[in-house]
1. Here are some residues: L113, L132, L57, L144. Which one is at pLDDT 95 or above, in contact with a strand residue (DSSP E or B) (Cβ under 8 Å, 6 or more places away or on another chain) and not in a strand (DSSP E or B)?
2. Do you know which of the residues in the range 60-81 that are at pLDDT 95 or above and small (G, A, S) is farthest from A151 (Cα to Cα)?
3. For the range 37-71, which positions are acidic (D, E), farther than 15 Å from K106 by Cα and buried (at least 18 other Cβ atoms within 10 Å of the Cβ)?
4. So which of S108, S89, S119, S100 ends up being of a type in the set (S, T, Y) and buried (at least 20 other Cβ atoms within 10 Å of the Cβ)?
5. Looking only at residues that are of a type in the set (G, A, S) and closer than 13 Å to P81 by Cβ in the range 147-162, which one is modelled with the lowest pLDDT?
6. Output the number of residues of the range 68-77 satisfying the condition of being under 21 Å from W170 (Cβ atoms) and part of a strand (DSSP E or B).
7. What number goes with the only condition from (1) more than 19 Å from T43 (Cα to Cα); (2) surrounded by fewer than 19 Cβ atoms within 10 Å (Cβ to Cβ); (3) free of Cβ contacts under 8 Å to residues at least 24 places away in the same chain that A151 does not pass?
8. For S136, state whether it is crowded, with 16+ Cβ neighbours inside 10 Å, assigned by TED's automatic domain parsing to the domain that holds V68 and hydroxyl-bearing (S, T, Y).
Amino acid sequence: MAEGGALLRRYTGLNRYRGFESLSLRHTILAVLLIAGAAQAETFESNVVGVQDGDSLTVLRERQRVRVRLVGIDAPEHGQPFGDQSRKSLAALCWKKRASIAWIEKDSHQRLLGRVNCSGVDANAEQVRRGLAWASPLARDRELNALQDAARRARRGLWADAAPVKPWEWRRAAQ
C-alpha cells in the first residue's frame, strides 16, 4: 500500500502532502493518469473565421468550423453593458488572423476551452487587461487576476462603470 503513495510522490512531486501512503497502487496509477492527462494541452494553429462575443470565437481546423471559448475569462454578454465593445476588441485582436490555440477540454456546448494567441498576443490576457472581460473566479489564474486588478485601478473598459455587473450574474438574472 505504501508503494502507491511513493509512486504518486515520485511522479507528481506531491511528496510534501500527507495521506497518500494509504493509496493502493491502482488508485495511484489512476491519479497519475488523471493528473498527467489534465496537464497536457493540445496546441494547434488555425485561422479565425468568426468572433461571437468577447470570449468565444470560431476557427477553421481541418476544414471544419470549431468553436473556441477563451478559458479563464468571462466577457460581458450581448445586450449587457460593454458586451459589444468586448466582442469588437476580440475581433480586432483575432478576426481573420492566424491563431495558436492551446486547449485541454471541451465544455458542455462542445466548445474547445483554451488559451488563444493571435499574432503573438495572448487574447485571453489582453481582454482582461483592456477591462473587457473578468478573470474567471473559478480559474484562479494569478496573471489574469493581476491584469484585472490593474484594469480596475485604471478604470479601463467595464471598470469605468460605477457598478459593473458580472456576466454570470447577468445570465442568472436573465433566466
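The values are calculated or read from the model by the stated rules, or taken from the named source; none is laboratory data. This one's a predicted model, so the numbers in the text were calculated from it and none came from an experiment. Glycine gets a Cβ as well: all are built from the backbone with ideal geometry, and neighbour counts include every protein chain shown.
1. Step by step, each of L113, L132, L57, L144 is checked, and only L144 is at pLDDT 95 or above, in contact with a strand residue (DSSP E or B) (Cβ under 8 Å, 6 or more places away or on another chain) and not in a strand (DSSP E or B).
2. Filtering first and then ranking leaves G72.
3. D53
4. S89
5. Only one residue fits best here, namely A162.
6. Counting residues in the range 68-77 that are under 21 Å from W170 (Cβ atoms) and part of a strand (DSSP E or B) gives 4.
7. Here A151 clears every test but (2).
8. yes
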